[in-house]
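S.K.: Dropping the structure in here first, questions after.
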Amino acid sequence: MRIALLQVTTGPDKGANLAIVSVGIREAAANGATLIVLPEATSQAFDQGRLDAQAEELDGAFATGLRGLASELEVTVIAGMFRPADSNGKLNRVYNTALITGGGVHKGYDKIHTFDVADYKESDTVKPGGDLVTFVHEGAVIGVATCFDIRFPEQFKNLARLGADVIVVPTSWADGKNKLEQWRALTVARALDAGVFIAAADQARPGGEACGGQESGPTGIGHSVVVAPSGERLVEGGYGPGILYADIDVSEVAKTRANLSLLDYAR
């Protein structure tokens, strides 16, 4: 299976963002990728206006635009978007959704673990989801998680218990002191915990390498990565935009789990 990670910086307008990523999806498909992973907040970047203003259901223009493109190119695309959820006081909350479209699949995973930290509370504007999501691609089971979920190993183990060979992770990681080191450690740890391939596509770092390490909101740090069940980083990006490719053999998953019995312990 050939996986592509589109590391891009999206902006405030979902129509413009759809146009930007469509170019990358076409390039990835032309280079043989069949599973194409885009970042969290592909439809509208964080810190670019109210999320509820452009939130849409899976039959909206952004989601159906990607569905049409995936169908045309015969690929499966995973991309972060926002859907209407509920009202929280004066705020209209959204779901932080990873759209999965292509190969007869058109559905979403709603991020379970919202980014609630000392100085940022995503749950003020984003309603947490509650359900694990998998789908089948080229005979392999693909699990889905989003960004801050990467800090919660049991979610990845439970996806593996549902049969996941690969877990895709659309992401828009915050930058700052030790944030890159944490990101690199966590992606490897989750691959090792669950005995899966991790395919994590992050937003490129606004400002690129020159701003790397500076404090930021959750607007991306780059360093998209594919990690093997062994913990090996098969490919990793830098701070700037680009497309990364990895050819994986999902039979490695069964071999890893047979050796280590990773999923047999209490849940």
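S.K.: Run the numbers for A185 and L162: contour at 0.36 nm per residue of separation, minus the present Cα-Cα distance, in nm.
M.R.: Additional length available on full extension: 5.9 nm.
S.K.: Also, I was wondering about something else. Taking the Cα centre of the chain as origin, sum charge times position over the Cβ atoms of Lys and Arg (+1) and Asp and Glu (-1), and report the length of that vector in debye to the nearest 20.
M.R.: Details: 24 positive and 33 negative charges, 58 e Å.
Taking the Cα centre of the chain as origin, the dipole is about 280 debye.
S.K.: If you plug each phi of segment 245-255 into the Karplus form 6.51 cos²θ - 1.76 cosθ + 1.60 with θ = phi - 60°, what whole-Hz ³J(HN,Hα) values come out, in order, with x for Gly and Pro?
M.R.: The phi angles translate into 10, 9, 9, 10, 10, 5, 5, 4, 5, 4, 5 Hz.
S.K.: Arrange M1, M81 by Cβ neighbour counts within 10 Å, fewest through most, would you? Write down the numbers at each step before the final one.
M.R.: Numbers: M1 19, M81 31.
Exposure proxy ranking, most exposed first: M1, M81.
S.K.: If amide hydrogens are placed 1.01 Å from N in the peptide plane, which non-local residues have theirs closer than 5 Å to the one on H113?
M.R.: The list, which skips near neighbours in sequence, is D149.
S.K.: Which of (i) 45; (ii) 38; (iii) 42 is the computed percent of Cα pairs over 25 Å apart for the structure on display?
M.R.: Step by step, percent of Cα pairs over 25 Å apart for this structure corresponds to label (ii).
S.K.: Treat the count of other C-beta atoms within 10 Å as a stand-in for reagent exposure and order W173, W183 from fewest to most.
M.R.: Working: W173 28, W183 23.
Ordered by Cβ neighbours within 10 Å, fewest first: W183, W173.
S.K.: Hey, another quick one. Quick check: Cα centre of segment 61-94 to Cα centre of segment 216-244, how many Å?
M.R.: If we compute the Cα centre of each part, the gap is 23 Å.
S.K.: Could I ask something else about it? Would you compute, from DSSP H runs of 4+ residues alone, the mean residue ellipticity of the chain at 222 nm, taking -39500 (n - 2.57) per run and dividing by the full residue count, rounded to the nearest 500?
M.R.: Calculated from helices alone, the mean residue ellipticity at 222 nm is -7500 deg cm²/dmol.
S.K.: Provide the per-residue ³J(HN,Hα) series for segment 184-200, in order, calculated from phi with Karplus coefficients 6.51, -1.76, 1.60 and θ = phi - 60°, each as a whole number of Hz, with x at glycine and proline positions.
M.R.: Those phi angles translate into 5, 5, 5, 5, 5, 4, 5, 4, 5, 4, 9, x, 10, 7, 10, 10, 10 Hz.
S.K.: Still on this structure: At 0.36 nm per residue, and after removing the present C-alpha to C-alpha distance, how many nm does the segment from D264 to N92 gain when stretched out fully? Could you put the intermediate results ahead of the total?
M.R.: Numbers: separation 172, 0.36 × 172 = 61.92 nm, distance 4.15 nm.
Full extension from D264 to N92 adds 57.8 nm.
Taken together, the values in this text are just the output of simple stated rules run on the coordinates, not laboratory data. The structure displayed is predicted, hence computed values, not measured ones. Please note: Cβ atoms are built from the backbone with ideal geometry, for glycine as well, and neighbour counts cover all protein chains shown.
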